[in-house]
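> For reference, the structure I am asking about is given below.
The numbers here are math on the coordinates, done by the rules we state, and not lab data. Predicted model only: the values in this text are computed from it and were never measured. Here the Cβ is made from the backbone with ideal geometry for all residues, glycine too, and neighbour counts use every protein chain on show.
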Amino acid sequence: MRRLVLTAAATALTLFAAACGGGSGSSSSGSGAASGGTLTLAPLVQAQPWDLKDAGLGNNTQYYQPVYDSLLRLDPQANPVANLATEWSYDATNTVLTLKLRTDVKFTDGTAFDANAVKVNLLHTKTGTNEAAGQLKAVKTVDAVDASTAKITLSVPDPSFVANLGSVAGMMASPKAIEAGTLKTEPVGSGPYTLDKSATTSGSVYTFVRNPSYWNTAAFPYDKIVLKPLTDPTAVLNALRSGQVNGAVITNSKNIAPAKSSGLTVTEYTPGDVEGLYIWDRGGKIVKALGDVRVRQALNYAFDRDAIVKTARQGMGQVTAQVFNPTGSAYDASLNQKYPYDPTKAKQLLAEAGYPNGFEVTMPDLSGFFPDQQAALTQQLTDIGVKVKLDKVPADQVISSLLSGKYAMSYFVLASFRPWDTIVIQAQPDSLWNIMKYSDPTVDGLIKQAQSATGDAQAALYKQINTTMVDQAWNAPWDFVENAYVTTKGVEVTPQAYAAVPPIYNFKPAG
């Protein structure tokens with residue numbers, strides 16, 4: 001949910017779209033984006049539907065940020081600050097959130113932004129099944145106390161709810177467009193830009209021009225934002241070198257040195273993502289062997305995490321055996337010693353579980369996006385007797401294939417933000433990225449307690465959840481990834497915590 005999430009993810013998700021080329025980025029100076037000019041970015045994913053109930057997180061957010069303003073905004077440390085909502089406060093139960101709203105904002109179709117718009121949006125987005133909707137599942141009712149006051153009642157406390165109102169879940173679309181059902185094809189928001197349909201080709205290029213009525217134009221120095229989805233690592237590097245795009249994340253760490261030698265600026269940051277082997281089928285529905293904890297533990301012993309980070313990521317990662325973010329209270333550094341690289345131990349556990357010759361598993365082939373990671377995954381599983389069959393999946397179908405429950409396990413990158421975000425993204429029985437809806441009574445009980453706890457008591461419960469998930473080998477994480485965002489001359493960017501890519505409001509002309 002960065003992520004999603006997705007992320008997501010999520011997500012979290014730094015994956016999967018058909019590569020596209022052509023076009024040329026422009027700016028007022030010709031060598032990069034300048035104030036009043038054009039900023040061209042290359043997201044890693046294709047645009048999702050404009051209807052926010054269908055919205056994902058992670059790399060998807062750059063498509064929504066130009067047109068949809070959010071109730072709150074997140075600063076570079078991911079702390080919520082005022083935006084459409086100027087004040088907010090919880091009651092003593094942490095289930096009733098009151099928002100005070102700006103009174104000078106209109107959507108681009110002329111509809112006023114007010115408390116009723118907040119009500120319509122949150123209840124509408126909540127009806128979806130994607131990551132943004134998942135962040136609103138605790139919303140019970142939304143009341144318009146008056147035009148500038150909205151009261152949101154949650155069914156249970158949500159420790160991440162306020163922060164999530166600063167992302168896609170808190171974005172606002174025109175209530176008129178929601179009711180008309182037209183958002184899937186044409187976004188209508190109150191954001192700093194509007195979609196220029198005449199300069200947009202779905203799947204190839206998306207052009208956004210300045211909204212002259214936006215209330216905070218100083219926060220967005222560019223007159224035009226252009227998004228060109230690209231996934232092929234070589235195509236991304238070439239587009240940056242030629243100036244066709246002004247900013248993109250580098251997914252192949254081997255391209256970082258060439259980017260620097262080309263005079264491009266490389267900004268390294270931790271997006272809040274964990275990569276590795278994600279075991280979707282912990283209950284053994286598709287592959288019976290995975291229902292045995294000894295088999296899942298064997299998979300953890302199979303991976304040389306240090307070598308993977310050194311080779312596949314060129315050192316751009318922090319080795320981990322847990323899915324919780326190192327900056328959060330759930331993280332326990334000692335858990336990273338649980339599964340040292342030990343193929344002999346892995347084979348022993350497989351034999352004890354009744355699989356002395358290993359087992360067979362089909363996984364999606366992601367070598368087109370992450371060739372080194374896919375190669376390491378396949379080889380090190382083969383070394384312990386796990387026979388891997390790689391399934392060729394069209395790029396635009398990988399996420400849907402995973403979410404459909406087609407694969408028992410796969411390489412993946414999933415968002416890991418605040419502890420509660422990670423739980424919502426993948427640990428609850430109804431989490432989007434708990435694909436097979438696996439349920440563990442111990443984890444479920446701890447989650448229920450943590451949801452209403454606060455302070456040290458909540459942190460202790462988070463650690464218990466994390467410890468149980470590692471002991472039971474829910475997944476086989478490798479590392480907490482580090483990203484490299486590359487920009488052309490004339491563009492400055494500030495990374496944001498828990499964000500796969502920087503938000504558009506963190507870009508500005510250099511100098």
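> Separation of the stretch 127-143 and the stretch 151-225 by C-alpha centroid, Å?
17 Å
> Further question: Based only on other Cβ atoms within 10 Å, what is the fewest-to-most ordering of Leu74, Leu183?
Fewest to most other Cβ atoms nearby, the residues stand as Leu183, Leu74.
> In addition: Thinking of the stretch 367-511 as a set of Cα atoms, what percent of all their pairs are more than 18 Å apart?
69 percent
> Still on this structure, I have one more. Largest first, please: the extent of the C-alpha atoms of the stretch 68-180 along each principal axis, to the nearest Å.
36, 30, 28
> A further question on this structure: In sequence order, what are the phi-derived ³J(HN,Hα) couplings for the stretch 37-53 according to the Karplus relation 6.51 cos²θ - 1.76 cosθ + 1.60 with θ = phi - 60°, rounded to whole Hz, with x for glycine and proline?
Taking θ as phi minus 60°, the curve returns x, 10, 10, 10, 10, 10, x, 8, 10, 6, 5, 8, x, 6, 5, 5, 5 Hz for the stretch 37-53.
> If you don't mind, another one. In debye, nearest 20, what is the charge dipole magnitude of the chain about its Cα centre with +1 on Lys and Arg Cβ and -1 on Asp and Glu Cβ, if you could check?
440 debye
> Cross-link partners among lysines for Lys184, C-alpha distance below 26 Å, same-chain residues fewer than 8 apart left out?
Lys184 reaches Lys53, Lys106, Lys119, Lys126, Lys137, Lys140, Lys176, Lys197, Lys224, Lys228.
> What is the order of Ile465, Ile435, fewest Cβ neighbours within 10 Å to most?
Ile435, Ile465
> Please state the relative contact order of the stretch 68-180 as a whole percent: Cα pairs under 8 Å, 6+ residues apart?
34 percent.
> Taking 1 over the mean of 1/r across every pair of different Cα atoms in the stretch 340-425, what Kirkwood radius in Å do you get?
Computed over Cα pairs of the stretch 340-425, the Kirkwood hydrodynamic radius comes out at 14.7 Å.
> Report the full-extension gain for the segment Asp430 to Gln348: residue separation times 0.36 nm, less the Cα-Cα distance, to one decimal in nm.
Once the chain is fully extended between Asp430 and Gln348, it gains 26.1 nm.
> Can you give the Rg to Rh ratio for the stretch 229-365, taking only C-alpha atoms and Rh from Kirkwood?
1.07
> Using the Kirkwood radius over Cα pairs, work out the Stokes-Einstein diffusion coefficient for the chain at 25 °C and 0.890 mPa s, in µm²/s as a whole number.
Translational D for this selection: 106 µm²/s.
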